[in-house]
1. Using 7 Å Cα-to-Cβ label points, what is the Asn127/His98 separation (nm, one decimal)?
2. Around Asp427, what is the net charge, scoring Lys/Arg as +1 and Asp/Glu as -1 over all other residues with Cβ under 15 Å from its Cβ?
3. Among 83-91, 424-432, 111-119, 6-14, how do they line up from the highest to the lowest mean number of other beta-carbon atoms within 10 Å?
4. Past the 26 Å Cα-Cα mark, which pairs from Lys243/Lys269; Lys360/Lys457; Lys244/Lys282; Lys290/Lys360; Lys290/Lys425; Lys430/Lys457?
5. For Lys167 and Ile435, compute 0.36 nm times the residue count separating them, minus their Cα-Cα distance, and round to one decimal in nm.
6. Rounded to the nearest 0.05, what FRET efficiency do Asp250 and Ser474 have when you use their Cβ-Cβ distance and R0 = 60 Å?
7. Can you give the calculated 222 nm mean residue ellipticity of the chain, where each DSSP H run of n ≥ 4 adds -39,500 (n - 2.57) and the sum is split over every residue, rounded to the nearest 500 deg cm²/dmol?
8. How far is the Cα center of region 164-234 from the Cα center of region 406-425, in Å?
Amino acid sequence: MAADYDLVVIGGGSAGLVAASAAAQLKAKVALVEKEDRLGGDCLHYGCVPSKSLIHASRVAYDVKRGDRFGIYSDLKGINLHEALGHVHRVIDTIQEHDSTERFESLGVEVIYGQGQFIDRRTFEVNGRQLKPRCFIIATGSSPALPPIDGLEAAGYLTNQTVFSMKDRPDALAVIGAGPIGSELGQAFARLGSEVTIFASRDTILHQEDPEAARVVQHQMEAEGIRVLTNSRAQKVEVIDGKKHVTAGDETFVVDEILVATGRTPNVKSLNLEAAGVEVSKQGITVNAKLQTSNPRIYAAGDVIGGYQFTHVAGYEGAVAMQNALLIPLKKADYSVIPWATFTDPELARVGMTEEQARKRYGDDIYVLKQEFDHVDRALAEAAGHGFAKIITRSNGEILGAHIVGVSAGELISEVVLAMSQGLKVDALKNMIHIYPTLTEVNSKAALQLTKQKYAKNETLQGILTKLFSFLRSVG
């Protein structure tokens, strides 16, 4: 049976857009199916773009409030959330032009809007049409997961998909979940004037990060007046006199709104994947190293397969899946060097292993190289001397992981990512000449710690150098 298309991509988010545009530019015949009436997916409309835009607005407000540190006094007349969200939507609209229907059609992609499903292993039906390509890529993303809290649904709640459509700022906001979304938006709303309480189920926020780095962020948030309840779970929500009463343990918190940020669930329910012979687990669609599902004609990428749920990883997976689907499936997804960042203030960025993970694998052959920002001149000049860079290496200088918590951490981690991806030793960071004064000195100063630590342990070398310098002084 002849195929209608080389590739049908289901889902118009990061993974799907990368796959569809790249395939079309290779002159493949491509159709892109999106259930919403616009392209861009969660990242553009509900995730990375709006959240970072709102975070920027909140940082401006925070800096204005604290201008007296620099002898700058201003009268902050107020904060208008509606106008702040106007900035958010202007940014979305600007980026939307790059992800427009017209742009993709100009590349040769047939864009189809509608909710569809598989009817057999080779056919996807949408708007009454049956699409039969050589291969599919499923890139339908994920949605907010709802925690089992009594009364929550009846009381009403916000998620990252609805919070940016608010009209008025809540005077009091409860944030259920202390991962990246909850921490970022919780701090942003606090800086925009809301009284924020964050419910964290673990002993720190951002529990998947280096604990020491996560505590730096948590202490800053608490210093700003955010109440962080650790080892705490909301159990019940009631609406009394128009207010939402959140019960956790023996305490009840009265708020105007509740933001739920307790994880994600893959968007698979409407696809009828059973008919396509595609296996699905609780984490998402099951794929092999080539991102191929249990149906060899169908690939999957992005949040819908679980794993690293980041826009940049979704885009990478979309490219891998596209190459394998169109050509000979030989390329494997490589997750050995995956960076990410949480855009709180201070930012927290990570790549590779934590110290604990490294010690479990390599035992005592581990060096922890740490440099505080309070010894980086540019950070001090910008009143941002809190936080640190921590690089974990083996004794031979192999970089196993890095964690940076501080100003511009999401940018600073890139030097370490480049070194790791190219197989460079930590000395590469030490030996390169950094501009002074820049924040990147934190990386070179951290890398220098390996030389210092190894020298401190080597008493024989210290003795030899002591005698050598004594001899050189004696002969003039």
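No value in this document is a laboratory result; all are computed from the given coordinates. Predicted, not measured: the structure shown is a model, and the values here were computed from it. Neighbour counts are summed over all protein chains in view; Cβ atoms, including those assigned to glycine, are modelled from backbone coordinates with ideal geometry.
1. Here the answer is 2.7 nm between the modelled labels.
2. On the way: positive: Arg394, Lys425, Lys430, Lys445, Lys452, Lys454; negative: Glu398, Glu415.
For residues surrounding Asp427, the net value is +4.
3. On the way: 83-91: 15.3, 424-432: 18.9, 111-119: 16.9, 6-14: 28.1.
Top to bottom by mean Cβ count within 10 Å: 6-14, 424-432, 111-119, 83-91.
4. Details: Lys243/Lys269 34 Å; Lys360/Lys457 22 Å; Lys244/Lys282 31 Å; Lys290/Lys360 28 Å; Lys290/Lys425 29 Å; Lys430/Lys457 20 Å.
Beyond 26 Å: Lys243/Lys269; Lys244/Lys282; Lys290/Lys360; Lys290/Lys425.
5. Working: separation 268, 0.36 × 268 = 96.48 nm, distance 4.48 nm.
Full-extension gain reported as 92.0 nm.
6. 0.20
7. On the way: 16 runs with 170 residues, N = 476.
Taking each H run of at least 4 residues, the total per residue is -10500 deg cm²/dmol.
8. Rounded to whole Å, the Cα centres lie 27 Å apart.
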